[in-house]
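> Please read through the structure below; I'll follow up with questions.
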Amino acid sequence: MLYSRGKGHYDKEYGKLWRDLVPRRGQANTVQGELVRAIARLAVESYKNGNLNWNGSFRQLVTFLRKHLTDESVFDAPTIAQIKRDLADIGAVGNGSQGYDYPKGEDPYDRVTDRVVEWCQKNPKPIRLKKNPKLKV
């Protein structure tokens, strides 16, 4: 919940990535932009909607994040293990199989947002992304 209050570790960098890479509507044209958009959509769905709209598209966002953030050329093994745990928790909360009480400090959404920013910093050259016609969020 730190990023939703403007207090995330990389809040300034995250804001710039959002402004530069995420379109007003629909999917981003780059992997970097879609990573930023994906974690934001998941966090907003959880924080503001209580995951009431959770569906296959949100599961696709979790899968997209897992595919890119578990890159061994970007993160070390302990960080990748934490990313996998956080994304599993986000998916379980969304699917309704696990409750979550949103701690006052850093939570899985904040940690994954940190990793998204770090991934983008380590991959500054835009990577074109073909839009997924099945993704509806």
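A short reminder: the numbers here are calculations on the coordinates, not readings from a lab. A quick note: this is a predicted structure, and the numbers were derived from the prediction, not measured. Note that we place each Cβ from the backbone using ideal geometry, even for glycine, and neighbour counts take in every protein chain shown.
> Among residues other than VAL22 whose Cβ falls under 14 Å from its Cβ, what is the net charge (Lys/Arg +1, Asp/Glu -1)?
Cβ neighbours under 14 Å give a net charge of +4.
> Once both labels are modelled 7 Å past Cα along the beta-carbon direction, what's the ARG5-ARG24 spacing in nm?
Each label point lies 7 Å from its Cα, and together they span 3.1 nm.
> I've got another one for you. On a straight-distance basis, which lysines could pair with LYS131 in a cross-link, Cα separation under 20 angstrom, same-chain partners fewer than 8 positions away excluded?
Output for LYS131: LYS67.
> Shifting gears a bit: Tell me the net charge near GLU13. Cut-off is 12 Å between Cβ atoms, GLU13 excluded, with +1 for each Lys or Arg and -1 for each Asp or Glu.
Summing Lys and Arg as +1 and Asp and Glu as -1 gives -1.
> I've got another one for you. Extension gain LYS130-ALA77, at 0.36 nm per residue separation less the Cα-Cα distance, in nm?
16.2 nm
> In which sequence would LEU17, LEU129, LEU52, LEU65 go, from the one with the fewest C-beta neighbours within 10 Å to the one with the most?
LEU52, LEU129, LEU17, LEU65
> With 10 angstrom as the radius, rank PHE75, PHE58 by how many other C-beta atoms surround their C-beta, starting from the fewest.
The order, fewest Cβ neighbours first, is PHE75, PHE58.
> OK, next. Sort out the exposed loop trypsin sites (Lys or Arg not before Pro) in the chain (DSSP loop, at most 16 other Cβ within 10 Å) and tell me the longest stretch that has none.
26-103
> Students often forget the sequence filter, so: which aspartates and glutamates lie under 19 Å Cα-Cα from LYS16 once same-chain residues fewer than 8 apart are removed?
Straight-line reach from LYS16, under 19 Å: GLU34, ASP110, ASP114, GLU118.
> Give me GLU34, GLU72, GLU45 ranked fewest to most by other Cβ atoms within 10 Å of their Cβ, as a rough exposure proxy.
With the sparsest Cβ surroundings first, the list reads GLU72, GLU45, GLU34.
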